[in-house]
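Here's the structure we're looking at; comments come further down.
FYI, it's all coordinate maths here, none of it is from the lab. As the structure is a prediction and not an experimental result, all values here were calculated from the model. Heads up, the Cβs are rebuilt from the backbone with ideal geometry, glycines too, and the neighbour counts pull from every protein chain shown.
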Ligand SMILES: C[S@@+](CC[C@H](N)C(=O)[O-])C[C@H]1O[C@@H](n2cnc3c(N)ncnc32)[C@H](O)[C@@H]1O
């Protein structure tokens, strides 16, 4: 069994979740008060690292459930001296539903979420009918959800669930953001599989 090399608490960007019921005040995890973004399922975090480096005026929280992946990003973020990146090791759906205060987030990123291609597994997909109302509660007005996938059928589901949800309008993903490629994206693109992008802005009350 491989042993994950954890950074000591004083160096680690990982915020330990100590309560299953108390909301985490994400803004308090950072030295500077600035726009707050959340990435769900960041994996090894190539996008996260590039994005945090390119946007020192934004605070980024990256969430991932696999220890090996989040630990890798922790070491990279620490080496890069990032002050605007914090990490959570947790189950995304639980955190979204129970552990975040409302209307705090400016952006949510979800890139290449597990596609669960078999029909009987579709119920496990993160971007399904309950997702837009969950993230609507967490976003400030005007906040944006950015999505990417390689899976055309899952992409159609993403468009359908946001199209059918109240309080969102489709927007474009900015080109500079598209230039920051994720780990999975790099692999898919190298195989000739194109990235599908979707973005939706919270509107109304
Ligand atoms: C296909 S990978 C994509 C990783 C990264 N976003 C990328 O594009 O390279 C999906 C990631 O989401 C994580 N993940 C899947 N479901 C999750 C959940 N419910 N909560 C937290 N992380 C999850 C997986 O462990 C995995 O690292």
For residue 153, are the conditions met, namely being surrounded by fewer than 14 Cβ atoms within 10 Å (Cβ to Cβ), under 16 Å from residue 135 (Cα atoms) and either away from the ligand (no atom under 16 Å from the Cβ) or over 18 Å from the mean Cα position of the chain (by Cα) (or both)? no
What do you reckon, is residue 189 within 15 Å of the ligand (Cβ to nearest atom) and surrounded by fewer than 18 Cβ atoms within 10 Å (Cβ to Cβ)? yes
Given the structure, is residue 139 surrounded by 18 or more Cβ atoms within 10 Å (Cβ to Cβ), more than 16 Å from the ligand (Cβ to nearest atom) and either on the phi < 0 side of the Ramachandran plot or in contact (Cβ under 8 Å) with a residue 40 or more places away in the chain (or both)? yes
When the range 29-83 is examined, which residues are found to be away from the ligand (no atom under 12 Å from the Cβ), part of a loop (DSSP other than H, G, I, E, B), touching a residue at least 60 places away in the same chain (Cβ under 8 Å) and under 17 Å from the mean Cα position of the chain (by Cα)? 35
Reported set for the range 14-28 where residues are outside any loop (DSSP other than H, G, I, E, B), out of contact with any helix residue (DSSP H, G or I) (no Cβ under 7 Å at 6 or more places or on another chain) and under 20 Å from residue 64 (Cβ atoms) is 26
Residues located in the range 156-186, provided they are crowded, with 20+ Cβ neighbours inside 10 Å and either more than 16 Å from the ligand (Cβ to nearest atom) or without any contact (Cβ under 8 Å) to a residue 24 or more places away in the chain (or both): 162, 168
Number of the exception - residue 87 against (1) assigned to a strand (DSSP E or B); (2) within 9 Å of the ligand (Cβ to nearest atom): (2)
